[in-house]
1. Angle, helix 82-97 long axis vs. longest principal axis of the chain, Cα atoms, 0 to 90°, nearest 10?
2. Go ahead and set up a Gaussian network model of the chain, Cα springs under 10 Å, then flag whichever of L203, L253, L109 fluctuates most.
3. Anyone know which of A226, A255, A28 comes out most mobile in the 10 Å Cα GNM of the chain?
4. Semi-axes of the chain's equivalent ellipsoid from the Cα gyration tensor, sqrt of 5 times each eigenvalue, largest first, rounded to whole Å?
5. Highest GNM mean-square fluctuation, the chain, Cα pairs closer than 10 Å: which of G204, G116, G280?
6. Give me the dipole magnitude in Debye, nearest 20, for segment 174-269 about the Cα centre, with unit charges on the beta carbon: positive for Lys and Arg, negative for Asp and Glu.
7. Pop the C-beta distance of R83 and L284 into the FRET formula with R0 = 35 Å and round what comes out to the nearest 0.05.
8. What is the distance, in nm, between label points placed 7 Å from the Cα along the Cα-to-Cβ direction at H205 and at R18?
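Readers should treat all values here as calculations from the given coordinates under stated rules, not as data from a laboratory. None of the values given here were measured: they were computed from a predicted structure. Don't worry about glycine lacking a Cβ; one is built from the backbone with ideal geometry, like all the others, and counts go over all protein chains shown.
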Amino acid sequence: MPENIAEPLLKWYDKNKRILPWRDKDNAYYTWVSEIMLQQTRVEAVKPYFQRFIQELPDVAALAAAPEERIIKLWEGLGYYSRVRNMQKAAVQVMEEYGGRMPEDFETLLSLKGIGRYTAGAIASIAYGKKVPAVDGNVLRVYARLTENRGDIMKQSVRKSVENDLTGQMSEDRPGDFNQAMMELGAVVCVPNGAAKCEECPLGHFCLARKHGTVEELPVKAPKKARTIEQRTVLVIQDGVGTAIRKRPDTGLLAGLYELPNVEGHLTEKAALARVKAMGLEPLRIEALPDAKHIFSHIEWRMCAYRIAVSSLEEAPQGEFLFVDKRESDKKYAIPSAFRTYTRYMKEENS
Ligand code: SF4
């Protein structure tokens, strides 16, 4: 690692940093919430979620005490719902064991549910000024290019050696800003896919990849395993007043969330009607809806769908389904974005 990157990096950051609702607040809870939301989601998409979440649950105590259905609803659309469930478990732990104040120390933060090395480093350095690194994908990219390091960035051993190296580089007085500056540089200048803006980079002078023309070869990342493709048929089952939804099992993919009924495979119209009859309902009409696709981290759903009008949803087996209109579902029941194409066909109002 070249010496003295901190000074030009911080100078650049002071001039160019984006204004973000969680930035410059010295509030460990804000840092925590934003960092968890930002895993897998873009900054622009996170902003409104963050504001809504903080407005309703302004501190650790409020998060610890909130009903689970409510926090899931506030998270709806961000995906990876175990993240917010773990946050709540950690909030309860902070209330019970640390008097409601987020711990300052990296190792203690790491012991909280759902907080990994990156998030612990971000909270300790940004909110409490501790000299610990916070290495995310952006930082790894900048580092790999700067040092022309060809280690596989998916490996823990490579990440740990990056952390060690960066700790030696961090400024004593502004470790939080140093970490944020590295992340920001990766997010807006040292970007992936052939778009790195090396001519604007405050570290261009030190950068080995730039010097040797290897920017696009770095970072090295072992290829991911291919996703499993699953075919599903979604059934939008409606009577004059509502649409059927049901709760998913408490474990596994999208655990505990609500969904439109769906089954494995791509059913024909005839098979879909038979399915609905087997539920004890009397179908009146069927209409094919557009196909849709949703990508999870390891699975891809390829969906076909039907809207099926039935005589009355009350004939369905008790307890398996809830019958709701769109407004009620928007207010109370978190339906994951995998079903977004089809939730817009839900009945507007149950009146
Ligand atoms: S000079 Fe280019 S490749 Fe090197 S750190 Fe800056 S933006 Fe990244």
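1. 70 degrees
2. Between L203, L253, L109, it is L253 that shows the largest mean-square fluctuation.
3. Checking each option, the largest mean-square fluctuation is seen for A226.
4. Taking √(5λ) for each Cα gyration eigenvalue gives 45, 24, 16 Å.
5. G280
6. Using only the charged Cβ atoms, the result is roughly 320 debye.
7. Values: r = 41 Å, r/R0 = 1.19.
Rounded to the nearest 0.05, the efficiency is 0.25.
8. Reported label-point gap for H205 and R18 is 2.7 nm.
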